[in-house]
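Here the structure is laid out as structure tokens; the discussion comes afterwards.
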């Protein structure tokens with residue numbers, strides 16, 4: 001069965017400020033780039049997709065499983081990295097990778113490959129608290145890229161990365177897209193366009209398909 005995340009008549013707001021209104025959409029095994037102005041609700045939408053937010057009305061399901069009621073199922077099948085994720089500062093890079101890998105179906109070769117691509121080997125014994133923002137971000141992203149999820153969902157994944165690391169990440173994402181769906185938000189639209197994503201614009205409380213990008217990563 002092809003995996004999907006489905007929103008059905010989803011509404012969401014905070015107080016008197018409504019962000020999403022009657023959104024119905026199905027995410028499948030594609031690359032999606034969600035765009036929209038600041039504060040329009042992109043991060044909220046991602047949190048709804050992984051079951052960390054509950055819609056005011058409507059439903060969000062992963063393969064017909066209700067997102068908010070089955071967090072274990074969601075965590076196993078969706079690897080999610082928010083823009084502001086904090087991790088235990090006392091862990092070393094190696095301990096953090098090992099901790100996440102325990103809960104995922106992966107192998108040491110896959111982990112070593114991603115660590116090498118991100119040039120993280122020299123930071124494996126460094127504690128999270130002693131890392132630069134960019135290095136910590138790469139460790140967090142690495143944990144989202146191991147295993148075999150149905151979806152990888154990333155909120156502003158290029159933030160804090162140098163150009164080389166951004167290109168490495170985009171190349172890895174292109175490879176992962178052969179196995180699972182990818183859902184991203186990112187202000188650097190020119191770089192994300194290299195993935196040839198389906199563009200979804202969040203505007204006027206609605207999610208609208210725009211176009212399929214036609215570029216490619218060298």
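Below is a table of values for the structure above.
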{"read-out": "Complete set of residues in the stretch 122-158 that are part of a loop (DSSP other than H, G, I, E, B) and under 24 Å from residue 94 (Cβ atoms)", "value": "124, 125, 126, 131, 132, 146, 147, 148, 149, 157"}
{"read-out": "Residues that are surrounded by 14 or more Cβ atoms within 10 Å (Cβ to Cβ) and within 22 Å of residue 23 (Cα to Cα), drawn from the stretch 66-86", "value": "67, 68, 70, 74, 78, 80, 82"}
{"read-out": "Set 85, 66, 173: member being modelled with pLDDT under 95 and in contact with a helix residue (DSSP H, G or I) (Cβ under 7 Å, 6 or more places away or on another chain)", "value": "85"}
{"read-out": "Among residues of the stretch 1-36, those that are part of a loop (DSSP other than H, G, I, E, B), touching a strand residue (DSSP E or B) at 6+ places or on another chain (Cβ under 8 Å) and more than 17 Å from residue 154 (Cα to Cα), counted", "value": "1"}
{"read-out": "In the stretch 184-207, the residues that are in a strand (DSSP E or B) and either touching a helix residue (DSSP H, G or I) at 6+ places or on another chain (Cβ under 7 Å) or at pLDDT below 95 (or both)", "value": "184, 185, 202"}
{"read-out": "Residue match in the stretch 73-94 (condition: free of Cβ contacts under 8 Å to residues at least 24 places away in the same chain, farther than 29 Å from residue 178 by Cβ and more than 17 Å from the chain's Cα centre (by Cα))", "value": "no"}
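The values are calculated or read from the model by the stated rules, or taken from the named source; none is laboratory data. What you see is a predicted model, and the numbers here were worked out from it, not measured in a lab. So basically every Cβ, Gly included, is an ideal-geometry build from the backbone, and we count neighbours across all protein chains shown.
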